1. Would you mind finding the one in Val314, Val321 that is in contact (Cβ under 8 Å) with a residue 60 or more places away in the chain and in contact with a strand residue (DSSP E or B) (Cβ under 8 Å, 6 or more places away or on another chain)?
2. Identify all residues within the range 556-570 that are assigned to a loop (DSSP other than H, G, I, E, B), under 28 Å from the mean Cα position of the chain (by Cα) and closer than 30 Å to Gly492 by Cα; write none if there are none.
3. Condition test on Ala547, is it assigned to a strand (DSSP E or B) and not hydroxyl-bearing (Ser, Thr, Tyr)?
4. If you check Val269, Val259, Val294, which single one turns out to be within 30 Å of Phe58 (Cβ to Cβ), at pLDDT 95 or above and in a strand (DSSP E or B)?
5. Considering only strands (runs of 3 or more DSSP E) fully contained in the range 39-97, which possess at least 3 residues that are farther than 16 Å from Gly407 by Cβ?
6. Is one or more of the residues making up the range 50-64 assigned by TED's automatic domain parsing to the domain that holds Val277, in contact (Cβ under 8 Å) with a residue 24 or more places away in the chain and closer than 14 Å to Ser119 by Cα?
7. Tally the residues that are in contact with a helix residue (DSSP H, G or I) (Cβ under 8 Å, 6 or more places away or on another chain) and surrounded by fewer than 24 Cβ atoms within 10 Å (Cβ to Cβ), restricting the search to the range 60-69.
8. Kindly indicate whether any position in the range 468-486 is within 30 Å of Phe101 (Cβ to Cβ) and not assigned by TED's automatic domain parsing to the domain that holds Asn103.
Amino acid sequence: MRRPEKSARLWVLLASVGLLAGLLAPTAAAAPATPDPVDIRILTYSDWHAQLDPLFVFPTGNFGGAGELSTYFQGEEADNPNTLIITGGDDFGAAPPLSNFFNEEPAVRSQRMMGTDVSALGNHNFDRGIDHLQSMINIAKKGGEPGDPYYYVAANLENVDDNLDGVKPFRIFDVGGVDVAVIGVTNPDAPTLVFPGRFGTINVTDPVAAANTARAKAAKKGADVFVLVAHMGIDGFNGPNAFGPLVDLANGVNGFDLVVGDHTNFEYVDEINGALVVENQSRGISYARVDMTVQPGAKKKDPSTVTSASVSIVSAVSGDVVPDPEIVAFLAPLRAQLDVILGTVIGQSTPFIPRSDECGQSSGRTCESLVGNVVTDALRATYGTDFAITNSGGLRADLTCPDPDLGGDFCPPPDGGDHEITDGQVLTVLPFGNVSVTYSLDGAELKTMLENGVSNMPGASGRFAQVSGLCFTYDIEAAASSRVTGAVRQAGDGTCTGPAVDLTSGTTYTMASNDFMAAGGDGYPVFTDRATTRAVMDQDVAAYVTANTVLTPTIQGRINCTTSGATVCPVPVP
């Protein structure tokens, strides 16, 4: 529920009235009574990526959806009207067709109807550049639209005012008489995760320093509770063994009551440096309910105190609620426009082809994945190259249609046979409009690419490489850039029994990849000056699916982890 920003509190006004009455009375006024504690609720959802429809999580079932989350949030607010709803960026971008085809506007308008109050900015918010981001900010904050306005916050964007209007370091919200400051920070590596130039002249600065500075300014404006929402997440584990940028951020900042993470698709709750720290699974699979009891000071100059706080992670099971009819009605005509285009079945697959990898990581960023094998096989077969490579961060969904059927998606109901693939599913896997490119490289450059692909392990990272035409081995304990120990070609039957791949500069190979990687995205070496531009990548994959149906992809041992020390390799799920 949208609340106007204000610094005065009702209890202060009441206390002033009481003091005036005391001055008029013949006896001395009693000291102001301590106001009653206030219970506030903060709901957080992470890395939403315009998941307007429920998401099928293989093999569990359906979660989230804009209409469904809206109903969940309405129930939370009915239980406690003093509720604030926040998210940590990438709320649009890398989106399914229902948002992507309509310039991402359905995501922002749905977020308004969901009751969102404030969002940080993540790397995918910049996917289409500054002008597009500004148009989304304008829709979010515009009055007179369905739903209430919401705002974007980012404290660590240098030159932001020269590029964007309406992005502030923080916003202060009156939540049940408590002034809650929400300070946003963007992930420092964000400019490397989008095409060059998409950030305009904005520089991303140190999030710790920026957050601490913004907190001090918010305190001077009378904030009582301090929330840091960051497009930064954990990279692995939970509790005291967790690691990643979110943990480092929480350890570096001071005076925050809640730190909300995003970006890495982990479910995480802990207390660090005096603050509750929480991250949810992406795309609305879960959200966090943070309940706080705040004790206002006896006088205006007295600070308020958070006396208790707790976190509950809510699994947003789609079938447990009736979706918000306002959002359903809003999306229906958009869905109808796409049905004819995207509902065409273009092929089948014997196995279900999930986004998750063989080690069970839901974003496919730690091990070989079936969807990665199909996409890279499509590139290599289409252009006849020695090898193909793609970053796992560019693979955003399951390739095969959900089973059981979601209803309202761009897939027919399953018929008990092979799993069907539609144009809509291919576009959901590859939503960026990337172009396929080919180029030559020597063995040393190939090794550099493979090294970059595993450089963040054991942390899950979008740069994690999916490959075709070769199988490689790396040592997860070795230093980054010195991990790849060898590679062999795939044999004709796909097995890893071919001859060794020379990873020195004495041999030349041909490679197919996406244009984002060739331009240096995700830390890969730049090949733009020697790359040949081909077709749109999703069209290449769709044509491959049609030509090779029925698909029978398998895990073939293309990516092999070993360890020479204490660091443990990801374990394949039986």
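1. Working: Val321 fails: in contact with a strand residue (DSSP E or B) (Cβ under 8 Å, 6 or more places away or on another chain).
Going through Val314, Val321 in turn, just one is in contact (Cβ under 8 Å) with a residue 60 or more places away in the chain and in contact with a strand residue (DSSP E or B) (Cβ under 8 Å, 6 or more places away or on another chain): Val314.
2. Looking only at the range 556-570, we keep the residues that are assigned to a loop (DSSP other than H, G, I, E, B), and these are 556-558, 563-570.
Okay, now just the ones that are also under 28 Å from the mean Cα position of the chain (by Cα), so 558, 567-570.
The answer is Arg558, Cys569, Pro570.
3. Values: assigned to a strand (DSSP E or B): no; not hydroxyl-bearing (Ser, Thr, Tyr): yes.
Taking the combined requirement at face value, the residue does not satisfy it.
4. Working: Val259 fails: within 30 Å of Phe58 (Cβ to Cβ); Val294 fails: within 30 Å of Phe58 (Cβ to Cβ).
Exactly one of Val269, Val259, Val294 is within 30 Å of Phe58 (Cβ to Cβ), at pLDDT 95 or above and in a strand (DSSP E or B), namely Val269.
5. Values: elements: 55-57, 61-63, 83-87.
Because the criterion is at least 3 residues that are farther than 16 Å from Gly407 by Cβ, the strands (runs of 3 or more DSSP E) in the range 39-97 that meet it are 83-87.
6. yes
7. Here is the first cut: in the range 60-69, the ones in contact with a helix residue (DSSP H, G or I) (Cβ under 8 Å, 6 or more places away or on another chain) are 61-69.
Now restrict to residues that are surrounded by fewer than 24 Cβ atoms within 10 Å (Cβ to Cβ): 61-63.
Result for the range 60-69: 3.
8. Here is the first cut: in the range 468-486, the ones within 30 Å of Phe101 (Cβ to Cβ) are 468.
Okay, now just the ones that are also not assigned by TED's automatic domain parsing to the domain that holds Asn103, so 468.
Yes.
The values are calculated or read from the model by the stated rules, or taken from the named source; none is laboratory data. Every value quoted in this text rests on a predicted model; they were computed, and no experiment measured them. Cβ coordinates were reconstructed from backbone atoms using ideal geometry, including for glycine residues, and neighbour counts include every protein chain displayed.
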